[in-house]
Amino acid sequence: MGGRMVAEYRPEIIEPKWQKYWEEHKFYQTDEKKDKKYYVLEMFPYPSGRLHMGHMRVYSIGDVLARFLRMRGYSVLHPMGWDAFGLPAENAAIERGVHPAEWTYSNIETMKKQQKALGISYDWEREVATCDPDYYKWTQWLFLLLYKRGLAYKKKAAVNWCPKCETVLANEQVEDGKCWRCGEEVGVKDLEQWFFRITDYAERLLQDLKLLSGWPQRVRTMQENWIGKSEGALIRFSVQNSGQEIPVFTTRPDTIYGVTYLVLAAEHPLVEELIAGTEYEKEVRAFVEKTRKLSEITRTSTEMEKEGVFTGAYCLNPVNGTAVPILVGNYVLMSYGTGAVMGVPAHDQRDFAFAKKYNLPIRVVITPKDVALKAEDLTDAYIDEGILINSAHFDGMPSEQAREEIIKYLEAKGWGERKITYRLRDWLISRQRYWGTPIPVVYCEKCGTVPVPEEELPVLLPKNIQFTAGGKSPLAQCEEFIFTKCPACGGEARRETDTMDTFIDSSWYFFRYTDAKNETAPFAREKADAWMPVDQYIGGIEHAILHLLYSRFITKVLHDAGYTSAIEPFTRLLAQGMVNKDGAKMSKSKGNVVSPDEIIEKYGADTGRVFILFAAPPEKDLDWSDRGVEGSYRFLHRVWRLVDRYADAVQAPSNRVPDEEDLALRRAFHGALKKVTEDIEERYNFNTAISAIMEAVNAAYSYVNSKGEKIHPGVMKEALEFLVLMLAPFAPHLGEELWQRLGHQESVHLQSWPQYDEKALQVSEVEIVVQINGKVRGRLQVPVGLDKEAVQKLVTAEAQIARHLAGKEIVKVISVPDKLINLVVR
RNA sequence: GCCGAAGUGGCGGAACUGGCAGACGCACUUGACUCAAAAUCAAGCGGGGUUCGACCUGUGUGGGUUCGAGUCCCACCUUCGGCACCA
């Protein structure tokens, strides 16, 4: 260590100095030896160009934890990498003629420099970029693993299509009918695409949410809603004069006797068969055509008028043999349940409206206890629980019980069975884009679909490629890529030209960090087991479903295949809030953008970090305040001056017995240490941790102002050392510089977190609050540990308080030792 | 419609298990230093009231429990977030 000491706080000098020092000494390389291990991870960024304040916030949070835990004696894994595949790189290629790889790697270089300028303690030896063949080779391996386990399959389906991104999207990636990335309205296309069978894991993904007590309730609820479990029954209706059966899913089997019609989705495979050659053929076909043309958004909108058309066919209600008409309706979705619903207008609001519109019969089968409902009196459906009527031998049964009994009855008769349905659908992973991981599959005329053998991975992205807007996917036009030999028979074959959804790249990267340089496997199990699951994951709430659900799924697949003992990837999750300015999200169009660069340049990284952590608790949105930053800058200056001024004086021998003031200073710093430790460790309240440090600094100024030359060197030295140690995780450069100023040779970041002394916190006197009938009437200095009676004696002797007692009778005395006494008077 | 979170000074926020509401910071006011300003240091800072000792009032609204409620219970209002013809 070394370097010239400067007299003023000059972040522009000390920050680069220490960054260089840390880099040269490979300071933050992961120490794998200790038993106490902790994995701190911030969501890796997409290399879009430059860091924004959201990045600065998430890295600052992670870095405080990483540095604190190292001081607490943990081996900390704190890596960083790049979610480097994605559309913007390709758009840059189209717009500016730069190759996506070049654009991406140059952005990575810039952003990495910025991260270093923030003083974040990453282990750069483990850096990964998902667009690197050494990485995507293993993403392809992961695809093959899912393929082998029957979890990757290809099917033709109506899929979400973003016309602007010119690719398909998974359901999770459509928000409000719009593309999650570009906001364009999403349409529908019939395409043959690759899917991951995430629905096989629906129940486990739901159940294991219970294990995630370290996640915000909000995120767990969102995932629960997304998975959307419903329990009910599958009931088969047979079509009259035909051998066909129509299965329907219902959560209300107790209303089975109230069915008066059946509705099929426009896409239902039976529609064509039912109408072929009948007088209804033309009308129904026109209706189906019209419905199918509607986009998903209009079709699923609540305001959408419910329309339907009769097919001419009837089916039989299995429980009572009643023939009910079959219709085709625009509100029934082929993708949920069975694509067919039973209509129970008396007990379902939608069915009620539909039945009224088309004059379908309404049959009441559930009634509240005391009132007898009549179909003709209903103005709305009766959707609540009740007692069954008009339901054969189930009459008089409460609906809740009837649901169970009717399922049993259906099962016994073979008409249906218990059934659970999920809203979650399989994960569509094909993308018609270039800048992504190629799907490692070839199509051979003889052998059909053949996965590329593991030893032939990676299937490399060709470098030489044409980018033009509005065309086909670039890979689909690249002959050098397409034509290949079949790995099975050696004959002519064509490669799959779709690439994988980039969410696959990011659904396993946290495993790769544990063994980033492994050339023979994605990661060694023992390395992964040493670190996984991630102890603390930090990132934006926008990934509450997408990335976090996918990562949970992939982790479970890896677990089932024996590659990891982890069943969940992230033990604790911190969803950090956004960084706003003037109450709105920072955006170029609003002109309210503040960049990390300008903050570093003007005040230094330490000031920016302290402000961002001090302004709000991490999970809340934060309003950027230029004045507030000034305040943090002032605070660091204040710390600097205090330490600089007394650094030499405190080296003097301490031969004086500490007096009251000395002890008070000691108490202030031990108290602050206690609070800071608890705030970081237990509650992640960095804002209150910093405020506790500020209070301690204020106490130190009061002390030196009062003591002048007569400060106690030993007590002051301890105070300054505590101060620098406590501040080091927040302001790491200033910490280093001041630690050196205090005469230490070794880095502050290699020190142990100090331990507060319970004895130093002890006081001889305390101020207790005196209440009369619960109102504060005074305060009193009393010796610590004084009992209730003695306090009461002291209190009643006080003139200020005695006034309130005059002519009254004390009926009750409540005492909280060393804190409060409340006299209840009448 | 269903589910969830949150409402505290001029502002960001604090108050951990029911026990001094407003820590800490910003802004503002005053004083010291200065020729002056900045910086720094010191003091004040919810509202009302004042004989400067009080006292009253105050954490979205209305009730309740309690010696005591920002904190617990009930009802409501507002804001934000998620899900939503899901059968």
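The values are calculated or read from the model by the stated rules, or taken from the named source; none is laboratory data. What you see is a predicted model; the values in this text were computed from it and never measured. As a convention, Cβ positions derive from the backbone with ideal geometry for all residues, glycine included, and neighbour counts pool all protein chains shown. When the accessible area is computed, the model is the full protein with side chains, heavy atoms only, and any ligands, DNA or RNA have been set aside. Shrake-Rupley method; radii C 1.70, N 1.55, O 1.52, S 1.80 Å.
The table for this structure:
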quantity	calculated
Any hit, segment A:542-565, residues being surrounded by fewer than 16 Cβ atoms within 10 Å (Cβ to Cβ), modelled with pLDDT under 95, under 30 Å from A:R683 (Cβ atoms) and not assigned by TED's automatic domain parsing to the domain that holds A:I465	yes
Enumeration of residues in segment A:783-826 that are basic (K, R) and more than 10 Å from RNA strand B (Cβ to nearest atom)	A:K788, A:K793, A:K808, A:R826
Odd one out for A:N822 among (1) exposed (fewer than 15 other Cβ atoms within 10 Å of the Cβ); (2) under 51 Å from the mean Cα position of the chain (by Cα)	(1)
Selected residue (only one of A:G321, A:G337 is assigned by TED's automatic domain parsing to the domain that holds A:S391, within 14 Å of RNA strand B (Cβ to nearest atom) and part of a loop (DSSP other than H, G, I, E, B))	A:G337
Qualifying strands (runs of 3 or more DSSP E) (wholly inside segment A:374-453; at least 3 residues being out of contact with any strand residue (DSSP E or B) (no Cβ under 6 Å at 6 or more places or on another chain) and surrounded by 13 or more Cβ atoms within 10 Å (Cβ to Cβ))	none
Hits in segment A:122-166 (condition: closer than 30 Å to A:P732 by Cβ, surrounded by fewer than 20 Cβ atoms within 10 Å (Cβ to Cβ) and not hydrophobic (A, V, I, L, M, F, W, C))	A:E125, A:R126, A:E127, A:D132
Options A:G807, A:G785; residue that is among the small types (G, A, S) and within 19 Å of A:R826 (Cα to Cα)	A:G807
Matching helices (runs of 4 or more DSSP H) fully within segment A:685-743 where at least 3 residues are within 15 Å of RNA strand B (Cβ to nearest atom) and out of contact with any Lys or Arg (no Cβ under 8 Å at 6 or more places or on another chain)	A:686-707, A:713-727
Residue ranges of strands (runs of 3 or more DSSP E) in segment A:539-655 with at least 1 members under 25 Å from A:L424 (Cβ atoms)	A:570-576
Helices (runs of 4 or more DSSP H) fully within segment A:473-535 counting 2 or more residues that are more than 17 Å from A:L461 (Cα to Cα), in contact with a strand residue (DSSP E or B) (Cβ under 8 Å, 6 or more places away or on another chain) and aromatic (F, W, Y)	A:509-512
Single unsatisfied condition, A:R638 versus (1) open to solvent by less than 30 Å² (accessible area, probe 1.4 Å); (2) touching a residue at least 40 places away in the same chain (Cβ under 8 Å); (3) within 11 Å of RNA strand B (Cβ to nearest atom)	(1)
Considering residues of segment A:612-630 that are more than 23 Å from A:G591 (Cα to Cα) and buried (at least 21 other Cβ atoms within 10 Å of the Cβ) only, the residue farthest from RNA strand B (Cβ to nearest atom)	A:L613
Residue in segment A:746-782 that is nearest to A:L823 (Cα to Cα), counting only those that are more than 16 Å from RNA strand B (Cβ to nearest atom) and hydrophobic (A, V, I, L, M, F, W, C)	A:A760
Members of segment A:744-784 that are open to solvent by 60 Å² or more (accessible area, probe 1.4 Å) and over 21 Å from A:R666 (Cα atoms)	A:Q745, A:E746, A:L750, A:N773, A:K775, A:V776, A:R777, A:R779
